[in-house]
Amino acid sequence: MDRLPAGIHSTTWPAFVERFGASVHRREQLAKLEEALRLLREAGCRRVFVGGSFVTTKSEPADVDVAWDMTGVDADVLDAIFFDFANERAAQKRRFGGEFVRVPARGGNSVRPPE
């Protein structure tokens with residue numbers, strides 16, 4: 001797996017899985033990430049930014065760091081876990097294997113949530 005140059009890189013979910021799903025550990029993380037992305041999409045999220053060690057050449061990243069674009073998201077539809085910041089987002093880490101922060105659209109690697 002080659003390193004990505006710095007910046008924002010748009011991709012599709014299948015291409016993202018192909019690039020970053022090189023091991024059983026990573027594929028397990030991707031399965032949890034996919035669940036979170038589906039919930040975000042159902043609430044209207046159209047863009048997320050994946051960062052941290054998951055988008056590096058590290059063979060077994062500890063977690064997946066995700067920022068999600070709030071534009072168009074219906075907070076009443078979105079699972080409350082995305083607003084649970086207790087114990088450094090412990091519930092998010094348990095369920096999705098990472099942390100999810102809401103931000104304006106900027107930074108990280110952009111992945112369209114799966115349809």
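The values are calculated or read from the model by the stated rules, or taken from the named source; none is laboratory data. Only a predicted model underlies this, so the values are computations on that prediction, with no experimental measurement involved. All Cβ positions, glycine included, derive from the backbone under ideal geometry; neighbour counts span all protein chains shown.
Summary table
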quantity: Filter pass, GLU88 being of a type outside the set (A, V, I, L, M) and touching a helix residue (DSSP H, G or I) at 6+ places or on another chain (Cβ under 9 Å); calculated: no
quantity: Options SER10, SER23; residue that is more than 12 Å from the chain's Cα centre (by Cα), touching a residue at least 24 places away in the same chain (Cβ under 8 Å) and farther than 22 Å from VAL103 by Cα; calculated: SER23
quantity: Pair list, Cβ under 6 Å, 6 or more apart: segment 90-113 residue farther than 17 Å from ARG41 by Cα and surrounded by 15 or more Cβ atoms within 10 Å (Cβ to Cβ), other residue at pLDDT below 95 and among the small types (Gly, Ala, Ser); calculated: GLY108/GLY51; GLY108/ALA67
quantity: Hits in segment 53-80 - residues which are surrounded by fewer than 18 Cβ atoms within 10 Å (Cβ to Cβ) and touching a residue at least 40 places away in the same chain (Cβ under 8 Å); calculated: THR56, THR57, ASP79
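Every residue, every condition in (1) in contact with an Asp or Glu (Cβ under 8 Å, 6 or more places away or on another chain); (2) at positive phi; (3) of a type outside the set (A, V, I, L, M, F, W, C), yes or no:
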{"site": "GLY44", "(1), (2), (3)": "yes, yes, yes"}
{"site": "THR56", "(1), (2), (3)": "no, no, yes"}
{"site": "MET70", "(1), (2), (3)": "no, no, no"}
{"site": "ASP74", "(1), (2), (3)": "no, no, yes"}
{"site": "GLN92", "(1), (2), (3)": "yes, no, yes"}
{"site": "GLY97", "(1), (2), (3)": "yes, yes, yes"}
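Each row is one residue, and each column tells you yes or no for (1) touching a His at 6+ places or on another chain (Cβ under 6 Å); (2) at pLDDT 95 or above; (3) among the acidic types (Asp, Glu); (4) in a loop (DSSP other than H, G, I, E, B).
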site	(1), (2), (3), (4)
ARG27	no, yes, no, no
LYS32	no, yes, no, no
LEU39	no, yes, no, no
VAL50	no, no, no, no
SER53	no, no, no, no
LYS58	no, no, no, yes
VAL66	no, yes, no, no
GLY72	no, no, no, yes
ILE81	no, yes, no, no
